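Remarks on the structure that follows.
The values are calculated or read from the model by the stated rules, or taken from the named source; none is laboratory data. No experiment lies behind these values; they were computed from the predicted model shown. Cβ placement follows ideal geometry from the backbone for every residue including glycine, while neighbour counts extend to all protein chains displayed. Protein only, heavy atoms only, side chains kept; ligands, DNA and RNA dropped before computing areas. Shrake-Rupley method; radii C 1.70, N 1.55, O 1.52, S 1.80 Å.
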Amino acid sequence: MAIDSQTVTTPTPTPTPTGPAGGLRPGTPGSDRLTGRAKLVLFVLCAAQFMVALDFSVLNVALPVLGKDLGLSRSALQWAVTAFALPSGGFLLLFGRIADLYGRKKLFLLGLALFGAASLLATLAWDPASFLAGRALQGLGAAVIVPTGMSLLTTTFPEGPLRDKAVGISGTLLSLGFTIGMVLGGVMTDTLGWRSTMGLLSVTAVIVLALAPGLLPESRTPDRPRLDVPGAVTVTGGLLALIYSLSSAAQRGFGGVDVWGTLLAGLVLLVAFAVVESRTPAPLVSLPMLKRRTIAWGNFAGLVTFSMMSTVVFVLTLYLQETLGLSSFRTGLVFGVQGVASAVAGSFAPRVIGRFGARRTLTGSLLGQGLFTAALLAVGADSGALVATVAVSVASMFHLGAIISYGLTVTSGVPDAEQGLATGLVTTTQQVGLTIGIPLLGVLATTQTSLFGGVRTVLVADAAIVVAAAVLVGVGLGAGRTRKA
């Protein structure tokens, strides 16, 4: 599929024409090189994904300062995170499908414009309401950018070495965005104030929006079935309720009536969604698609790797600062090393996948993540920063391998007409995984008498879950029987 300004309406790749920038086009079956234009397209798509990943973490260290400036109480600070997480996770599947039907490029550009404007509103916020409104609109923009950006990537770069390379770079930048956000947020808050973190996102959105129209191809399904409105309402409502309940539990525990009430409502709505999808002629989610081993087990693996690694980062932050007494800056350096290790892993992951296949790489990456999470148990109550740095960095390298290989596992073999749906599932899994890990396991560290003892309890549970998931995914995907699939 060539990178040009024409609308992509069929999954059939073009023969072997010469691209605008010279060399073979990205869709050429025999090419494993990225042309100059292809690199620009990949830069735009990855920059957008990186920007959204940055938004997840850049504000975290600024929350205390932000709260004092805007008058947000400590208990209300959770909404600075929750206001973004609710729409960004709740609307992913809906916007992924809308993009399939009406044009991925158009929706991607709309998402960028909304995200940039929302970031500007958050930068200029004059009270809590205006700031939270900006954060919610940022989340809505992210819910558009993430699935459309990923589906543009997978429909632009065909299966094989080119897509492996493109997804590898995207996954690396996604992982780096979370890590760099933690370091950059602290530096910017200390030197320029918390508003600079939101301003940075606004400027980035403007730059990407200026480059994207002339580079990205339009892409949509050749036919336009009616949008599954009942399915959209139930799945969006279910995800919103689920993310709200788990986000609230992370702050206040599971004792609140509203937490259990919204959790139950979310589960009921998701069951209703499954019933609706089994009966509608044009479903938002094809249930037979969810029965595919690659999609079911791939997304399960993604859920585990994201939820468990986010929990490790959370408890390590507590351990380094509250147990060992490290400053925010030195703690940031630990995660900076982790980010460098992830970047290194991202550069090698496509080669590993090319040699062993996505399924085997996914299984092995989960196993490595689990084993090096267990290695963190070697840290002590008085020392252990070096051990923590090495172990979490190596665990993150395997985590990055799992991110890339699970994305390829889920989207490989899916026709272009359903790429928005497949990538919507991938990104929804990411968001839900990032949301549920900390409330499910992180509370074990914060509610015990000894923080250090609680951290060790979390690490044991975390490692056991990831290793068990590796075994299940390996068996479920038949990784030992297949080399390239």
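Values computed for the structure shown
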read-out: Top-ranked residue of region 92-123 - restricted to ones that are open to solvent by 10 Å² or more (accessible area, probe 1.4 Å) and in contact with a Lys or Arg (Cβ under 8 Å, 6 or more places away or on another chain), ranked as modelled with the highest pLDDT; value: 123
read-out: Selection count where residues are in a helix (DSSP H, G or I) and either open to solvent by 70 Å² or more (accessible area, probe 1.4 Å) or farther than 24 Å from residue 99 by Cβ (or both), scope region 291-311; value: 11
read-out: Inter-residue pairs, beta-carbon under 9 Å, first touching a residue at least 24 places away in the same chain (Cβ under 8 Å) and in region 316-335, second buried (at least 22 other Cβ atoms within 10 Å of the Cβ) and assigned to a loop (DSSP other than H, G, I, E, B), 6+ apart; value: 316/379; 319/379; 323/379; 324/379
read-out: Yes/no for residue 5 being closer than 30 Å to residue 188 by Cβ and either at pLDDT 80 or above or hydroxyl-bearing (Ser, Thr, Tyr) (or both); value: no
read-out: Only listed residue being in contact with a Pro (Cβ under 7 Å, 6 or more places away or on another chain), small (Gly, Ala, Ser) and open to solvent by 10 Å² or more (accessible area, probe 1.4 Å), chosen from 384, 380, 364, 354; value: 354
read-out: Any hit, region 250-268, residues being part of a helix (DSSP H, G or I), under 30 Å from residue 191 (Cβ atoms) and open to solvent by 30 Å² or more (accessible area, probe 1.4 Å); value: yes
read-out: Per-region count, region 124-135, residues within 14 Å of residue 82 (Cα to Cα), surrounded by 14 or more Cβ atoms within 10 Å (Cβ to Cβ) and of a type in the set (A, V, I, L, M); value: 2
read-out: Pair list, Cβ < 7 Å and 6+ apart or interchain, from region 459-470 residues that are more than 11 Å from residue 312 (Cβ to Cβ) to residues that are buried (at least 18 other Cβ atoms within 10 Å of the Cβ) and among the polar types (S, T, N, Q); value: 470/363
read-out: Scan of region 50-69 for residues that are open to solvent by less than 20 Å² (accessible area, probe 1.4 Å), at pLDDT 75 or above and part of a helix (DSSP H, G or I), ordered by number; value: 51, 52, 53, 54, 55, 66, 67
read-out: Selected residue (criterion: least open to solvent (accessible area, probe 1.4 Å)) from residues of region 176-208 that are modelled with pLDDT under 75, over 12 Å from residue 52 (Cα atoms) and small (Gly, Ala, Ser); value: 185
